[in-house]
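See below for the structure under consideration.
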Amino acid sequence: MHGAFQDELAFHLTGRLRAATEGPAPEDGGGTLEPIAGRGLLPALFAPYADLAQLRHDFPLLLAPGKPAESLTAVMESALAGRDADDAEAASRLRHHGLRLERALRGLAAKKGALPLAEAWKEAGAELAAADPEIGESLNALKGAFPAKATLVPCDGALPIALLKHEWHRVQEERLAALRGEIETLVHGLENILAADFITSPAGRSPERLRATIGEALADHFDLAAMASLLDRGRTVATLQESRRSRLQALLSVLKGQRYAPLPGSDVTAHKLTFTSARTALKAWQERLPARAELARTLAMARLEVAGEYTESRHDALFARFDDRRASEALEAISVPSLVCLRGDDLQPDEAAAVLEAFAAGLPFKVLVQVDSLFDGEARLAPAAVLAHALTASAFGFADAAVLQTTSARLLAEIPPLQNVLGHRGPGLVTLFSGAGAEHSRIPAYLAAAAALESRVFPALFHDPAGGQPTSLAANPAADADWPEYVLDCEDSRQQRQKQSLAFTALDFLAADPRFAEHFALLGKGADDSHLVPAAEAADAAPGAAEQRLPFVLMADTAGRMHKVLADETLLAAAKQVLRRWRALRAQFTLPAPVIVEAPAPAAPAEAPAETPAVTAAPVEEAATDPDAAYIETARCSSCGACLLVNDKLFVYDGNKQAQIKDVSLGSFRDLVEAAESCPLAIIHPGKPRDPAEEGLADLLARAAAL
Amino acid sequence: MSEATLCLLRLADEQHSLEDYQSGVPRWCPGCGDNAILSAVQRLCRDEGLRPEKTVFISGIGCSSRFPHYMKTYGLHGIHGRALPIAEGVRMARRDLDVFVNTGDGDCCSIGAAHWIHAIRYNMNLTVMLHDNEIYGLTKKQASPTSPKGLRSNTTPGGAWLEALNPVQVTLGVQNASFVAQVVDWIPELLYDVLHRAWKHRGFSFVHIVQRCPEWLPNQFEPFVRDPSKVALVHHERGLSISPSLAKVYRNQIQHDPRDIDGARKIASQRDPIPVGILYHDPSVPCYEDLRRGNQPPHSAALVKKGLEKQFDKFTIWPQTAEAAD
Ligand SMILES: Cc1ncc(C[n+]2csc(CCOP(=O)(O)OP(=O)(O)O)c2C)c(N)n1
Ligand code: SF4
Ligand SMILES: [Mg+2]
């Protein structure tokens, strides 16, 4: 025994397996340590999700222009909902076909990456139809429920930027539409002033101008020269002062030439507002400062002009002094933010510095930092991950920055907070782990990303300075514990069902990374595992305790068999650091204590029925219902379906396949009485009729009374 | 544990709904008690999270024996009277499965009676539902062993000659009976509770279900369905406890310790009111599969193949022999 333990301890401390030159394995222990490389082992916690294409989950997403991102599953479900309620067989066939299509689409997206839905639909549809000609009809029936120009986006390295841009465009479109709308109104107003002036000018009343207004066909019937001179004689309106006219023209030219929200039909190209470098974004921001200032000044002046409130004596001097900075702030009120997407190696220290500079200046920069690899080959935080953490931490220093940290796997759920960050007036930071690093190539990016969140390696947090809510860690699983715990369903060697409870630790995350295979060793058959403790316990142990408690993780091979795998000191240290960071984060943003509402004292049970000593369930409270309303004693329904035959809109099954009244307005009193008569258990109570004019009411009332 | 002793079930933990266990549209008549049994069983599967790939329903022949078709699990619609021996074979080979048996009064108590008696004595871990409509339903109204004396049917136009057989009493009379319950299809809560307890019992759980057949015997149970006083709830702290809502409707109650077999036999002999609940429960009776197989691992695929090949070889016509015969 002792020899085996020494062997395990030596591996734990050095990360090296016994060399052949050191002689045979200790005889007393019997067991040996073996390398895990090449065995296809994955942390047992991942095993249930090995084949994601078979599982309905959030991905792939459907991104359709102008619509919120949705999961393929959700769109399919709404396409299938409420179909052919009267023909259960057709509905079940449609569902069956729909689910097959969904699975095929999911597979295609996983294989090919993002692709147009129409293309994927065609390919998957053709493949399915080859095997089952009947399916074509179902697919045609479903097609209308899917958005026409959507893209199918799987959870891969390209997802975060694609999704962020999609959401960004939705927020930005709304924002720019408001700005564009205002500019159009102002342009219209300014042009009207000029047009009115022209009409009253000699040129506007010249015979040529009148001819043009009347049109060639009729022009010869009029004496246009005489009309022009008549009009000229009656002129009362003063023409515009030259200074005002030129001011209006200058304002118009700025409004029509601005590049933030180009007007429809103009050939002005819009400013590029999305960047892949914060430095470039910052530079562009500075270069555009004079133009922004000019636009801001123009907007302010144009509003006054259109309202007829511009007084040269007062306003000329004011606007002349309107400096760039102040103008810029004025424009921020309309807020035209920039989006910066930084991925992996794009995030260099100078980029991080540019982000901080923008945040410090309070510029409305929305910055996505996508980290693909969290650790370097030595199990230290990778440089990009360090910078991402540093940016998040500093963003809190700038009180007006909104911050969202999450992983790809949660992106769909995080869309509302994401919208908050993008819509927020000030700076916004999204740090995100994609799971798409090369080291995770053995598992889908979705799984790596989910594991990072579960294992606290990349915790989720959300901070919205405008929302008035404290910073939230609520998106983390079991946020008030060190690690989340899961119960796995297993069977033992006798094929009996077992439950295995496991904490999802940072060691489990690291065990999925083949670069660290050498830091793990498999316990051979019959090995001594008496000194091994689960990783969660070891990570929590005081320093020095390692001597007696070596950490293991449970891993599963491709056949689903589970093995105990010993981890070395280096990785344990990395896991401990993750735990320390997580605890620090929790300490910083203490979760609000749950509000405990005192439960009302249970009502005294109704008169207890005689001789029922073995009552265990809580007393049922009779709902205070309208005595005239129809009802079913649903708990007594034996699912015979007789009432559904009378009216299957009025009577529906609940989740236990027991009948209930869905909505009395969906049927008549006659339906209620007939159903009550047909119910073998007599548990349908028709109540009083709701419509006094219902046909044959007297007879129905008599029948109801007889029930 | 350091050996590869645990094996993961390769499925994400899913939330099932009743529909997930429903397969096809039942062909039973509207109002047939089999519908109620089906939904109670589906509720049980959902609430206990039974995995469809680890669950099997086995039946014989009859309306009630169509049950496996409507469960989206494994299933076998067997041959008349043979549901129990098939289920025993499945249980013997695959102790990891939850095995349910659906059988009719004709299927179990007539052609399958011999298997039934021995199945009770084997006490293998099976959950058995006897759908007793007191008639052969599928073949359109012939008297079964449980048809009451005097019942007119296609085979007894002058009325059945014999006193009806009482399946609960029979079961209680066989050695090794370990779980015996009776319930009616029209009290869903009770049906569910009894089936739940039956499924939990490790051993041969026999549930006699009084089942309505509106097609051939529309009036048989009518008075019992309409009048709650014609049903008596059997309850005990070791058996079923009765919910207050149930107790309000069904005032007739019998307190009975399910360890008391004599009491059980006495209750079982009552026919009006129909006693419903757990009549007998003895968790200590050993299961045949445990006695026979100890803790050996199950047959490997290779072993099964070898055995099958050996049997097939007995009937193989070898090419040389065939040529010689030409
Ligand atoms: C060996 C054999 N004998 C006879 C039959 C004809 N048969 C089919 S179902 C049935 C009786 C079924 O009655 P029961 O088991 O009570 O089922 P129910 O239809 O009432 O649910 C009979 C005799 C058969 N299928 N096979
Ligand atoms: S004939 Fe009787 S047993 Fe068969 S389905 Fe109809 S009601 Fe049920
Ligand atoms: Mg029958």
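Computed from the coordinates by the stated procedures, all read-outs in this text should not be read as laboratory data. As the structure is a prediction and not an experimental result, all values here were calculated from the model. For neighbour counting, all protein chains shown are included, and Cβ atoms are generated from backbone atoms with ideal geometry for every residue, glycine included.
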For this session: Among A:Leu230, A:Ser394, A:His166, pick out the residue whose Cα is farthest towards the positive end of the charge dipole of the protein assembly as shown, where Lys and Arg carry +1 and Asp and Glu carry -1 on C-beta, about the Cα centre.
Result: A:Leu230
Problem set entry | Residue-by-residue Karplus 3J(HN,Hα) for the stretch A:572-584, coefficients 6.51, -1.76, 1.60, Hz, glycine and proline x | 4, 4, 4, 5, 4, 5, 4, 5, 4, 4, 5, 5, 5
Problem set entry | Footprinting exposure proxy for A:Ser201, B:Ser284, B:Ser17 (fewest neighbouring C-beta atoms within 10 Å first) | B:Ser284, B:Ser17, A:Ser201
Seminar exercise, completed: chain B, Gaussian network, Cα under 10 Å: of B:Gly89, B:Gly158, B:Gly307, the residue fluctuating most is B:Gly307
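Hey, got the dipole for chain B? About the Cα centre, +1 on K and R Cβ, -1 on D and E Cβ, debye to the nearest 20? The partial results should precede the final answer.
Numbers: 36 positive and 35 negative charges, 63 e Å.
About 300 debye.
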Exercise. Going by a ≥ b ≥ c, the root eigenvalues of the Cα gyration tensor, does chain A fall in the rounded group (a/c under 1.5), the prolate group (a/b larger than b/c) or the oblate group?
Worked result: oblate
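Taking 0.36 nm per residue of sequence separation and subtracting the Cα-Cα distance, how much length would be gained by fully extending the chain between A:Lys111 and A:Glu174, in nm to one decimal? Mind showing how you got there, number by number?
Numbers: separation 63, 0.36 × 63 = 22.68 nm, distance 3.45 nm.
Residue separation times 0.36 nm, minus the Cα-Cα distance, leaves 19.2 nm.
Apply the Kirkwood formula to chain B: the hydrodynamic radius equals the inverse of the mean of 1/r over all pairs of different alpha-carbon atoms; give it in Å with one decimal. Show your work: numbers first, answer last.
Values: mean 1/r = 0.0473 Å⁻¹.
About 21.1 Å, per the Kirkwood formula over Cα pairs.
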Exercise. Using a cut-off of 19 Å between alpha-carbon atoms, which lysines can reach B:Lys149, once sequence neighbours fewer than 8 places away in the same chain are excluded?
Worked result: B:Lys140, B:Lys141
For this session: Take the alpha carbon gyration tensor of the stretch A:60-153, find the square roots of its eigenvalues, order them as a ≥ b ≥ c, and report rounded if a/c is under 1.5; if not, report prolate when a/b exceeds b/c, else oblate.
Result: oblate
Exercise. Ordered by packing density, taken as the mean number of other Cβ atoms within 10 Å over each peptide's residues, highest first, how do A:224-230, B:30-36, A:553-559, A:261-267 rank?
Worked result: B:30-36, A:553-559, A:224-230, A:261-267
For this session: Kindly express, to the nearest 10 degrees and within the range 0 to 90, the angle between helix A:242-257's C-alpha long axis and the longest C-alpha principal axis of chain A.
Result: 30 degrees
For this session: Find how much the distance from A:Ala81 to A:Asp346 grows on full extension, using 0.36 nm per residue of separation minus their present alpha carbon separation; answer in nm with one decimal.
Result: 91.0 nm
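When the helices in the protein assembly as shown are scored as -39500 (n - 2.57) per DSSP H run of 4 or longer and the sum is shared across all residues, what 222 nm value do you end up with, to the nearest 500 deg cm²/dmol?
Taking each H run of at least 4 residues, the total per residue is -12000 deg cm²/dmol.
Using a Förster distance of 25 Å, how high is the FRET efficiency between B:Asn252 and A:Glu677, based on the Cβ-Cβ distance and rounded to 0.05? Write out the running numbers ahead of the final one.
Numbers: r = 26 Å, r/R0 = 1.05.
Plugging the Cβ-Cβ distance into 1/(1 + (r/R0)^6) gives 0.40.
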Problem set entry | Amide H contacts of B:Leu279 (H built 1.01 Å from N, under 5 Å, at least 5 apart or other chain) | B:Val180, B:Ala181, B:Gln182
For this session: Starting from the Cα of B:Lys305, draw a straight line to each of the lysines and keep only those under 26 Å, dropping any in the same chain fewer than 8 residues away.
Result: B:Lys54, B:Lys314
Exercise. How large is ³J(HN,Hα), in whole Hz, for each residue of the stretch B:193-198 in order, when computed from phi with the Karplus curve 6.51 cos²θ - 1.76 cosθ + 1.60 and θ = phi - 60°, using x for Gly and Pro?
Worked result: 4, 5, 5, 4, 5, 5
Seminar exercise, completed: Site B:His77, offset 7 angstrom along Cα→Cβ, radius 15 Å on amide nitrogen, limited to the stretch B:25-66, gives B:25-29, B:57-66
Exercise. Using the Karplus equation 6.51 cos²θ - 1.76 cosθ + 1.60 (θ = phi - 60°), what ³J(HN,Hα) coupling, rounded to whole Hz, does each residue of the stretch A:177-185 give in order, writing x for Gly and Pro?
Worked result: 4, 5, 5, 4, x, 5, 4, 4, 4
Problem set entry | Extended-chain gain in nm, criterion 0.36 nm per residue less alpha-carbon gap, A:Asp316 and A:Glu242 | 25.2 nm
Exercise. Taking the Cα atoms only, what angle lies between the long axis of helix B:301-313 and the longest principal axis of chain B, rounded to 10 degrees?
Worked result: 80 degrees
Problem set entry | Dipole-positive endmost among B:Val184, B:Ser64, B:His196 within the stretch B:15-297 (Cβ charges, Cα centre) | B:Ser64
For this session: In debye, nearest 20, what is the charge dipole magnitude of the stretch A:341-402 about its Cα centre with +1 on Lys and Arg Cβ and -1 on Asp and Glu Cβ, if you could check?
Result: 200 debye
For this session: Could you work out, residue by residue across B:33-41, how many beta carbons of other chains sit within 10 Å of that residue's beta carbon, and then give the average as an integer?
Result: 4
Problem set entry | Reach of A:Lys165 by Cα under 29 Å, taken over lysines that are not fewer than 8 positions away in the same chain | A:Lys67, A:Lys111, A:Lys112, A:Lys122, A:Lys143, A:Lys149, A:Lys256, A:Lys272, A:Lys283, A:Lys366
Exercise. Label 7 Å along Cα→Cβ of B:Asp313; the stretch B:85-113 residues with amide nitrogen under 14 Å?
Worked result: none
Seminar exercise, completed: Interchain or sequence-distant (5+) residues whose placed amide H lies within less than 5 Å of the amide H of A:Ser277 are A:Cys341
For this session: Work out the charge dipole of the stretch A:221-316 with +1 on the Cβ of Lys and Arg and -1 on the Cβ of Asp and Glu about the Cα centre, then indicate which of A:Ala296, A:Ser313, A:Thr280 is farthest towards its positive end.
Result: A:Thr280
For this session: Could you pull out every residue, at least 5 positions away or on a different chain, whose amide H is within less than 5 Å of the one on A:His424? Hs are placed 1.01 Å off N in the peptide plane, and Pro or chain starts have none.
Result: none
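Between exposed chymotrypsin sites (Phe, Trp or Tyr not before Pro) in chain B, where DSSP calls loop and at most 13 other Cβ atoms lie within 10 Å, what's the longest gap?
Numbers: sites that count: B:Trp161, B:Phe315.
It runs B:1-160.
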Exercise. Taking the Cα centre of the protein assembly as shown as the origin, how large is its charge dipole in debye, to the nearest 20, when only Lys and Arg (+1) and Asp and Glu (-1) carry charge on their Cβ atoms?
Worked result: 580 debye
For this session: Compute the FRET efficiency between A:Gln498 and A:Asn192 as 1/(1 + (r/R0)^6), taking r as their Cβ-Cβ distance and R0 = 56 Å, and round to the nearest 0.05.
Result: 0.10
For this session: Would you mind checking the tilt of helix A:349-360 against the longest principal axis of the Cα atoms of chain A, expressed as 0 to 90 degrees and rounded to 10?
Result: 60 degrees
